[in-house]
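Student: Dropping a structure here in C-alpha cells format, bear with me for questions.
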Amino acid sequence: MNTRDIDDNVTAELARLRDSIDNIDAAVVHMLAERFKCTQQVGHLKARHQLPPADPGREASQIARLRQLAENAKLDPAFAEKLLNFIIAEVIRHHETIAAGEGDSTGDAEGDSADDGADDSRSGE
C-alpha cells in the first residue's frame, strides 16, 4: 500500500498527530536546554567549592523519584531510569570539565550558560 491508497481522513489524522509529536519534541529539547543551563551553574558552584562532580546519593534518590513519576504517568520506569542515567552521565562529564578548567578561568558568564541540567535539589546537578 502506498500513500495514494490511504484515506484522506487517515492522512489528516497522521498529520495532526505528527504535528503534536513535533511540538512535544521541541518542548523536550527546550526543557533539556534549560535543565543543562541550571546544572552548568551547579557545576561552577561545585568547582569553586571543590565539591565532587558526582553525588551518588542524590543520583539514587533522583532515579527513585523519576521512576515513581514515570509509573504515575504510565511511562515505563525502566525507560525513564535509562534516560535519567544518560542525562546524569552527561552532567557529570560537564562538571568534570568545569572542575578541570575552573582554576584557569575567572568564572565568566559564557560558561554559566552552557549546557547541563537540573537544580541543586535533583540528581544530575
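Student: May I ask you to list the lysines whose Cα is less than 28 Å away from that of Lys74, ignoring any residue fewer than eight positions away on the same chain?
Tutor: Reachable lysines: Lys82.
Student: Distance in nm between label sites at Val10 and Arg65, each 7 Å beyond Cα in the beta-carbon direction?
Tutor: Label at Val10, label at Arg65, 4.5 nm between them.
Student: With each pseudo-label sitting 7 Å past Cα toward Cβ, what's the His30-Leu83 distance in nm, one decimal?
Tutor: Result for the modelled spin labels: 1.7 nm.
Only the coordinates and a few stated rules stand behind these numbers; no lab work does. Just so it is clear, the structure is predicted and the values come from calculations on it, not from any experiment. Note that each Cβ is placed from the backbone with ideal geometry, even for glycine, and that neighbours are counted across all protein chains shown.
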